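The values are calculated or read from the model by the stated rules, or taken from the named source; none is laboratory data. Here the structure is a predicted model, which is why all the values come from computation and not from measurement. Every residue, glycine among them, receives a Cβ derived from its backbone with ideal geometry; neighbour counts consider all protein chains shown.
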Amino acid sequence: MAGGRIIFLNGTSSSGKSTLARALQTRLPEPHMHVAIDAFFYMYPERIWNATRQEDQDAFLRLVPTVVAGVQRAAAALAEAGNHVILDHVLEDPAWLRECIERWDGLDVLFVGVRCPLPELERREAARGDRAPGLAAYQFDRVHAHGLYDVEVDTSVLDVDACVATIVAALARDGAPRAFSRLRRQAAHDATEA
């Protein structure tokens, strides 16, 4: 079986990535797995991901890098095995993107920026009640710092159907190198300049 693709949805908490992933699953003709970073954290006991004690909060923070590395490697392994994947991620750390760029060489990746203005993110965060206040604000300037995507959607302006149509249209586009190819070339150039 040929390798699968990764539709990489990157955005802050409460930006609408999970909603878009589920909608994409119903719209795309080929079956796609929804791989959500939150689901990997939920594999740990609730006392870790819903920590109230300081020692559990500290344990959660120590686990973040290993969980992120595991999610990124799992998404690659799934695609390499022939599965189509929609990855729902929050790239808070530039090293996380660098790891994806390096490890996913040769994979078909559509890099999607899921954007939303901070006031709307904060409103959604408060309405959800299952996110720590300030999480979206903390992530806001970090997740899109690299600045390069194949396609971007703003979930405060477009409804779910319009966002999905934009992503599906980007999947169908041929020609220009994808963002990951350009990011990989930029990383190689930066390494030779250093």
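Are any residues in segment 123-137 assigned to a helix (DSSP H, G or I) and either touching a strand residue (DSSP E or B) at 6+ places or on another chain (Cβ under 9 Å) or touching a residue at least 24 places away in the same chain (Cβ under 8 Å) (or both), and if so, which ones? Give the derivation first.
Filtering segment 123-137 down to residues assigned to a helix (DSSP H, G or I) leaves 123-128, 135-137.
Selection gives Arg124, Glu125, Arg128, Leu135, Ala136.
Within segment 113-160, restricting attention to residues that are hydroxyl-bearing (Ser, Thr, Tyr) and more than 12 Å from Ser13 (Cα to Cα), the residue that is surrounded by the most Cβ atoms within 10 Å (Cβ to Cβ) is Thr155. Would you mind stating whether Trp96 is without any contact (Cβ under 8 Å) to a residue 60 or more places away in the chain, of a type in the set (Phe, Trp, Tyr) and crowded, with 16+ Cβ neighbours inside 10 Å? Considered against the rule, which asks whether it is without any contact (Cβ under 8 Å) to a residue 60 or more places away in the chain, of a type in the set (Phe, Trp, Tyr) and crowded, with 16+ Cβ neighbours inside 10 Å, Trp96 comes out as yes. Of the residues Ala81, Ala69, Ala76, which single one is farther than 20 Å from Leu20 by Cα, at pLDDT 95 or above and touching a Leu at 6+ places or on another chain (Cβ under 7 Å)? Of Ala81, Ala69, Ala76, the one residue that is farther than 20 Å from Leu20 by Cα, at pLDDT 95 or above and touching a Leu at 6+ places or on another chain (Cβ under 7 Å) is Ala76.
Figure legend. Inter-residue proximity from segment 45-74: first residues under 29 Å from Ile7 (Cα atoms), second residues surrounded by fewer than 12 Cβ atoms within 10 Å (Cβ to Cβ) and of a type in the set (D, E, K, R), beta-carbon distance below 9 Å, spacing 6+ or different chains. Indicated pairs: Asn50/Asp130.
Taking the criterion of being under 15 Å from the mean Cα position of the chain (by Cα), assigned to a helix (DSSP H, G or I) and surrounded by fewer than 17 Cβ atoms within 10 Å (Cβ to Cβ), the residues of segment 68-93 that qualify are Ala69, Gly70, Arg73, Ala74.
Per-residue answers, yes or no, for (1) over 21 Å from Leu91 (Cα atoms); (2) modelled with pLDDT of 90 or more:
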residue: Asp108; (1), (2): no, yes
residue: Arg131; (1), (2): no, no
residue: Ala137; (1), (2): no, no
residue: Tyr149; (1), (2): no, yes
residue: Val168; (1), (2): yes, yes
residue: Leu171; (1), (2): yes, yes
residue: Gly175; (1), (2): yes, no
residue: Arg185; (1), (2): no, no
residue: Thr192; (1), (2): yes, no
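Look through segment 84-93, keep the residues that are touching a His at 6+ places or on another chain (Cβ under 9 Å) and not hydrophobic (A, V, I, L, M, F, W, C), and return whichever of them is farthest from Thr19 (Cα to Cα). Break it down into steps so the answer makes sense when it comes.
Going residue by residue through segment 84-93, those that are touching a His at 6+ places or on another chain (Cβ under 9 Å) are 84-88, 91.
Of the ones still in play, those that are also not hydrophobic (A, V, I, L, M, F, W, C) are 84, 88.
Working: His84: 18, Asp88: 10 Å.
Applying the filter and picking the extreme gives His84.
Evaluating Leu148 against the criteria (1) without any contact (Cβ under 8 Å) to a residue 40 or more places away in the chain; (2) under 30 Å from Ala187 (Cα atoms); (3) touching a Pro at 6+ places or on another chain (Cβ under 8 Å) leaves one unmet condition, (3).
Scanning segment 152-194 for residues that are polar (S, T, N, Q), touching a helix residue (DSSP H, G or I) at 6+ places or on another chain (Cβ under 7 Å) and under 15 Å from Leu24 (Cα atoms) yields a single hit, Thr155.
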